[in-house]
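J.: Quick one: structure below, then a few questions.
The values are calculated or read from the model by the stated rules, or taken from the named source; none is laboratory data. Note that this is a predicted model, so its numbers are computed, not measured. So basically every Cβ, Gly included, is an ideal-geometry build from the backbone, and we count neighbours across all protein chains shown. Heads up: the accessible areas ignore ligands, DNA and RNA and are worked out on the full protein's heavy atoms, side chains in. Shrake-Rupley method; radii C 1.70, N 1.55, O 1.52, S 1.80 Å.
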Amino acid sequence: REMRVEALRLMRLLSAFKPKIIGSTLTGHVRHGSDIDLHVFSNSIDSVSSALDREGMNYSIERKQVVKHGEEHTYVHIHI
């Protein structure tokens, strides 16, 4: 429950990037060592990391490229 509440707070913080929660926090299969995983959509990792830095968050970011229906999309995978 605590991780879902924190994920909701982070999703509100990052609402400009249309966040999606994924992984164990979404499914409820949380175990020791689980983290909060979010996908956000942005062409600028700096703008995402700036928002998290202002909150003093400890996180890691991976930039991903996907092609869907012939169009390339960029999203950022955040581990918190």
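J.: Given (1) modelled with pLDDT of 90 or more; (2) open to solvent by 90 Å² or more (accessible area, probe 1.4 Å); (3) within 14 Å of the chain's Cα centre (by Cα), where does ARG54 come up short, assuming only one miss?
T.: Against the list (1) modelled with pLDDT of 90 or more; (2) open to solvent by 90 Å² or more (accessible area, probe 1.4 Å); (3) within 14 Å of the chain's Cα centre (by Cα), ARG54 comes up short only on (3).
J.: Return the total of residues in the range 2-43 being under 18 Å from MET57 (Cα atoms), open to solvent by less than 50 Å² (accessible area, probe 1.4 Å) and among the polar types (S, T, N, Q).
T.: 2
Here is a yes/no grid of residues against (1) without any contact (Cβ under 8 Å) to a residue 60 or more places away in the chain; (2) within 24 Å of VAL5 (Cβ to Cβ); (3) among the polar types (S, T, N, Q):
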{"residue": "LEU26", "(1), (2), (3)": "yes, yes, no"}
{"residue": "VAL30", "(1), (2), (3)": "yes, yes, no"}
{"residue": "SER34", "(1), (2), (3)": "yes, yes, yes"}
{"residue": "SER50", "(1), (2), (3)": "yes, yes, yes"}
{"residue": "ASP53", "(1), (2), (3)": "yes, yes, no"}
{"residue": "GLY56", "(1), (2), (3)": "yes, yes, no"}
{"residue": "ILE61", "(1), (2), (3)": "yes, yes, no"}
{"residue": "LYS64", "(1), (2), (3)": "yes, no, no"}
{"residue": "LYS68", "(1), (2), (3)": "yes, no, no"}
